[in-house]
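Below is one structure, written out as structure tokens, with a few remarks after it.
We did not get these values from a lab; they are worked out from the coordinates using the rules stated. All of these numbers come straight from a predicted model, not from anything done at the bench. As a convention, Cβ positions derive from the backbone with ideal geometry for all residues, glycine included, and neighbour counts pool all protein chains shown.
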Amino acid sequence: MTATPPVSLWDSTAQERDGFGGAEMADCVDVAIVGGGYTGLSTALHCAEAGLSAQVIEAHGIGHGGSGRNVGLVNAGVWLPPSQVRRKLGQDHAPRFLERFSRGPDMVFDLIEKYQMRCEAVRAGTIHAAHAPSGMRDLKARWTDWQAMGEPVELLTRDEAARMIGTDAFHGGLWDHRAGTVNPMGYCRGLARAAVAAGARIATGVRVTGLHKDEGGWRVTTERGEVQARAVVLGTNAYTDALWPGLQKSFTTIHFFQLATEPLAERVAGILPGGQGLWDTGTIMFSLRRDAQSRLIIGSMGRMIGTADQGLSRRWAARKLARMFPDLGAVTFTEAWHGQIAMTPDHLPRIHRLDDGLYTPIGYNGRGITTGTIFGQGLAGLLTGTAPEDLPLPVTHMAHDRWAPLMTRVYDMAFTANQAVKGVR
């Protein structure tokens with residue numbers, strides 16, 4: 001049998017073992033969960049802890065989708081600043097949403113500690129770096145919002161940001177002390193291990209081909225047989241396929257690529273020396289972090305074009321690092337990959353009730369680690385009697401975004417053009 005190539009650097013370096021699953025499935029369960037990423041595994045873990053029988057069904061392997069291709073930033077909140085969340089959600093829902101998502105990193109790091117997940121967890125915060133004076137104005141507004149809520153965020157001057165990042169390329173930054181970094185595949189496999197220990201079952205390499213409603217709930221049809229379930233959760237987010245009609249058209253698909261250098265040891269001692277992860281305020285965002293082996297991992301919006309050895313994305317990454325860190329010198333990239341992000345028109349996630357006993361949380365807008373974990377816990381609560389009003393977001397019906405297919409193509413072209421322009425300057 002040919003070995004499956006790793007989906008990312010994280011797949012190769014995660015200390016948590018792979019190998020959960022197989023093709024065996026239960027005949028009848030309380031909840032069937034489609035997707036073996038953060039959402040599906042958090043749902044399975046919290047359902048099992050609440051006494052429900054749970055079956056995860058994953059078409060590939062644990063973390064094969066966005067979870068194993070993530071940047072690994074465990075951020076609080078969502079893309080929008082709190083004031084915009086309040087305007088969009090109103091006073092009935094915004095306070096609870098902001099509180100839950102502000103505490104999102106607490107939940108993730110508490111699970112990591114409780115189950116002793118080996119995922120290179122570093123809770124030193126993250127830095128949102130201002131790419132221009134306009135970006136600094138945006139960060140000041142965000143800082144004001146979070147400060148009013150009493151949250152531990154710190155506005156960095158240009159000099160302070162330069163000391164923390166190792167470059168004077170930015171105009172300042174926002175240091176969020178709530179946040180941190182992990183090996184994202186390590187965290188995903190840690191959730192799988194915890195879910196199995198709690199009594200959940202996981203089947204990998206099994207694709208769900210149909211959902212059929214009947215008097216007992218749902219018949220989940222797969223390539224390996226059927227599972228009868230009282231409820232079903234679709235935890236596929238940006239990797240949603242045609243299993244449920246129209247769901248693919250409820251969000252815009254954004255690609256995000258990353259490249260990792262070889263371990264650079266003392267050469268990177270002055271780059272993000274405190275262990276924070278970074279992303280910037282640019283319209284076409286980029287990210288930067290180090291891992292436990294002193295690799296630099298750099299990424300941006302768009303597809304991976306080429307390989308770690310050659311091609312447009314590699315040229316972009318090399319030039320970006322050279323501009324920010326001219327003393328670093330030439331580096332060798334050893335890994336390259338990209339993943340998908342589900343972006344909604346208002347940049348807020350959703351919890352959809354697709355039918356009686358059929359739910360999907362979707363549209364994470366690049367905040368998969370905390371959002372998937374939070375929503376998994378919330379759905380487990382919903383299935384064990386928690387009132388829908390106590391969820392972080394109201395449960396809604398699916399709505400098509402008629403512009404999503406067009407915008408997916410437009411963004412794809414724009415991000416490719418950005419790589420082409422920035423890769424030659």
Review point. What residue among Arg402, Arg367, Arg290 has the largest mean-square fluctuation in a Gaussian network model of the chain, using Cα springs under 10 Å?
Key: Arg402
Review point. Residue by residue through the stretch 252-269, which ³J(HN,Hα) values in whole Hz follow from phi under the Karplus form 6.51 cos²θ - 1.76 cosθ + 1.60 (θ = phi - 60°), with glycine and proline marked x?
Key: 9, 8, 10, 9, 9, 9, 9, 10, 10, 7, 5, x, 10, 6, 5, 4, 10, 4
Revision key, fill the gap. Ranked output for segments 221-227, 238-244 by mean other Cβ atoms within 10 Å, highest leading, reads 238-244, 221-227
Check your understanding: In nm, what is the difference between 0.36 nm times the number of residues separating Glu99 and Arg17 and their Cα-Cα distance?
Key -> 26.2 nm
Check your understanding: Could the peptides 140-150, 355-365 be put in order, highest first, of the mean number of other beta-carbon atoms found within 10 Å of their residues?
Key -> 355-365, 140-150
Revision key, fill the gap. Residues meeting the amide H criterion for Cys28 (H placed from the backbone, H to H distance under 5 Å, 5 or more places apart or on another chain) are Gln228
Check your understanding: Using a ≥ b ≥ c from the Cα gyration tensor of the stretch 270-333 (square roots of the eigenvalues), is it rounded, prolate or oblate, where a/c under 1.5 gives rounded and otherwise the larger of a/b and b/c decides, a/b for prolate?
Key -> oblate
Check your understanding: How large is the charge dipole for the stretch 53-108, taken about the Cα centre, if only the Cβ atoms of Lys, Arg (+1) and Asp, Glu (-1) carry charge, to the nearest 20 debye?
Key -> 260
Check your understanding: What is the P(r) of the stretch 52-163, as percent of Cα-Cα pairs per 10 Å bin from 0?
Key -> 11, 32, 34, 19, 4, 0
**Study point:** Net +/- balance of residues flanking Tyr187 in space, Cβ distance below 15 Å, scoring K and R +1, D and E -1
**Key:** +1
**Study point:** Mean projected area (nm²) of the alpha-carbon convex hull when the stretch 172-214 is viewed from all directions
**Key:** 6.9
Study note, to complete from the structure: Counting sequence-distant residues (5 or more places) and residues on other chains, those with an amide H built under 5 Å from that of Met398 are Arg353
Exercise for review: Can you tell me which of 58-64, 373-379, 338-344 comes out highest on packing, and rank the rest after it, using the mean Cβ neighbours within 10 Å?
Suggested key: 373-379, 58-64, 338-344
Point to revise | Neighbour net charge for Phe415 - beta-carbon separation under 12 angstrom, K R +1, D E -1 | key: +2
Practice item. Could you run the Karplus curve 6.51 cos²θ - 1.76 cosθ + 1.60 with θ = phi - 60° over the stretch 270-281 and give me ³J(HN,Hα) per residue in whole Hz, x for Gly and Pro? Key: x, 9, 6, x, x, x, 6, x, 9, 9, 10, 8
Review point. Can you give the alpha-carbon Rg of the stretch 1-97 over 2.2 N^0.38 Å, where N counts its residues?
Key: 1.40
Exercise for review: Post the alpha-carbon centroid distance, the stretch 22-76 to the stretch 359-393, in whole angstrom.
Suggested key: 13
Revision key, fill the gap. The percentage of Cα-Cα pairs in the stretch 286-425 separated by more than 23 Å is 51
Review point. Across the chain, how large is the tail of the calculated P(r) beyond 34 Å, expressed as a percent of all Cα pairs?
Key: 28
Revision key, fill the gap. XL table Lys213/Lys249; Lys88/Lys249; Lys88/Lys422; Cα-Cα > 24 Å flagged, in table order, is Lys88/Lys422
